[in-house]
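Single-structure report; data block below.
The values are calculated or read from the model by the stated rules, or taken from the named source; none is laboratory data. Fair warning: this is a prediction, and the values are worked out from it, not measured in the lab. Neighbour counts run over all protein chains shown; Cβ positions are idealised from the backbone, glycine included. The accessibility values were calculated without ligands, DNA or RNA, using every heavy atom of the protein model including side chains. Shrake-Rupley method; radii C 1.70, N 1.55, O 1.52, S 1.80 Å.
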Amino acid sequence: MGSKYTKRYTEEFKRDAIALVDSSGKTVTAVARELGISSESLRGWYRRAKADRGVGESGELTSAEREELKRLRREVANSSRRSRS
């Protein structure tokens with residue numbers, strides 16, 4: 001069972017962890033184990049970093065696209081709430 005809180009990592013830590021995967025030739029799971037973090041977390045960071053570099057899976061959103069999508073969803077939700085009032 002997971003913990004009751006979500007651990008937050010700095011952007012610098014995430015960048016360093018991703019760079020370690022790229023430079024070490026080790027698997028994401030092996031690097032995560034060495035760093036004492038969840039392999040699922042590192043895998044997600046790595047996948048997003050690849051998408052941001054333009055080498056991700058087809059259909060994978062970049063960070064900028066994800067932020068825009070969040071912003072647009074907030075706008076739609078706010079607009080919807082205003083129109084009901």
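How large, in percent, is the carbon and sulfur part of the accessible surface of the chain at a probe radius of 1.4 Å? Write down the numbers at each step before the final one.
Numbers: 3330 of 6820 Å².
Within the chain, the accessible surface is 49 percent carbon and sulfur.
Provide the net charge surrounding VAL55, with neighbours chosen by a C-beta distance below 13 Å and charges set as Lys +1, Arg +1, Asp -1, Glu -1. Show your work: numbers first, answer last.
Numbers: positive: ARG47, ARG48, LYS50, ARG53; negative: ASP22, ASP52, GLU57, GLU60.
Around VAL55, the charge tally is 0.
Normalised per residue, the accessible area of the chain is 80 Å², obtained with a 1.4 Å probe and no contribution from ligands, DNA or RNA. Working note: 222 nm ellipticity from helices only, DSSP H runs with n ≥ 4, each -39,500 (n - 2.57), summed and divided by the residues of the chain, gives -22000 deg cm²/dmol to the nearest 500. In a DSSP loop and with at most 13 other Cβ atoms within 10 Å, the chymotrypsin sites (Phe, Trp or Tyr not before Pro) in the stretch 1-53 are TYR5. Across the chain, C-alpha contacts under 8 Å between residues 6 or more apart give a mean separation that, scaled by the residue count, equals a relative contact order of 16 percent.
In a DSSP loop and with at most 15 other Cβ atoms within 10 Å, the trypsin sites (Lys or Arg not before Pro) in the stretch 1-50 are LYS4, LYS7, ARG8, LYS26. Under the rule a/c < 1.5 gives rounded, and otherwise a/b versus b/c splits prolate from oblate, where does the stretch 22-65 land using the Cα gyration tensor? Since a/c reaches 1.5 and a/b is larger than b/c, the shape of the stretch 22-65 is classed as prolate.
For the chain, the number of Lys pairs with C-alpha atoms closer than 25 Å, counting only pairs eight or more positions apart or on separate chains, is 9.
Gain on full extension, evaluated as 0.36 nm per residue between SER85 and THR62 minus their Cα-Cα distance, stands at 4.8 nm. Once the Cβ-Cβ distance of ARG43 and ASN78 is raised to the sixth power relative to R0 = 35 Å, the FRET efficiency obtained is 0.55.
Note on P(r) over Cα pairs in 10 Å bins from 0, in percent: of the candidates (i) 16, 41, 30, 12, 0; (ii) 15, 35, 28, 15, 6, 1; (iii) 18, 47, 27, 8, 1, the value calculated from this structure sits at (ii).
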